[in-house]
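The values are calculated or read from the model by the stated rules, or taken from the named source; none is laboratory data. If you're wondering where the values come from, they're calculated on a predicted model, not measured in any experiment. Because the Cβ atoms are built from the backbone with ideal geometry, glycine has one as well, and the counts that use them run over all protein chains shown.
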Amino acid sequence: GDANAMYAWAGISALGFDNQISNHQALDFLKNAVDKKHIPSMIEMGLLYSSGTLVQKNKQKAFEYWDMAKKLGSKEAAVRIAFSNVVDSASKNISDDITILEQISDEGSVLAQTALGFCYEKGFGVKESKGMAIRLYRQAAQRGNETAFNSLKRMYDELRPGEDEFKIFDVN
């Protein structure tokens with residue numbers, strides 16, 4: 001009945017390290033932890049619905065779980081909502097979402113730094129700036145964010161000559 005234990009066991013099971021429970025049971029553990037207002041479980045449920053893992057993909061439900069966590073004070077949930085809004089922007093005003101990413105990035109969130117780096121790389125909600133993207137990716141990568149590290153390598157590969165000997169990022 002402990003929310004942290006349910007969250008951890010569901011994660012261990014999802015990673016394939018423990019086959020004592022089924023995916024359905026792992027999902028039930030997360031739902032029970034959410035009922036106990038366990039923020040990491042809310043974020044994880046949002047991720048599952050966002051990606052369609054273990055459940056049918058449903059962006060609205062993903063946002064509902066992230067919004068629950070955000071209302072309980074989760075900055076990670078706020079970043080996930082803001083970044084999803086930016087990526088799905090299709091002509092709506094996303095300046096508030098960019099502001100959220102900037103504020104939380106300034107507070108040291110590697111998730112926000114990586115998301116903001118992507119925004120600068122692609123010009124989503126901000127003026128495109130490869131230099132700023134690299135700076136943000138580098139800051140997050142130095143603190144262990146693998147997505148930022150891979151994005152940084154990919155950007156450097158795009159600047160190098162096309163021959164394989166100059167590549168450092170393996171897409172596989």
Just give me the residues in segment 1-21 being at pLDDT 85 or above and over 20 Å from the mean Cα position of the chain (by Cα), in sequence order. G1, D2, A3, N4, A5, M6, W9
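For segment 70-99, what are the residues that are among the aliphatic types (A, V, I, L, M) and under 12 Å from L47 (Cα atoms)?
Restricting attention to segment 70-99, the residues satisfying the condition of being among the aliphatic types (A, V, I, L, M) are 72, 77-79, 81-82, 86-87, 90, 94, 98.
Correct list: A77, I81.
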Pairs returned, first residue in segment 35-48 that is on the phi > 0 side of the Ramachandran plot, second residue that is outside any helix (DSSP H, G or I), beta-carbon separation under 6 angstrom, 6 or more apart or interchain, are none
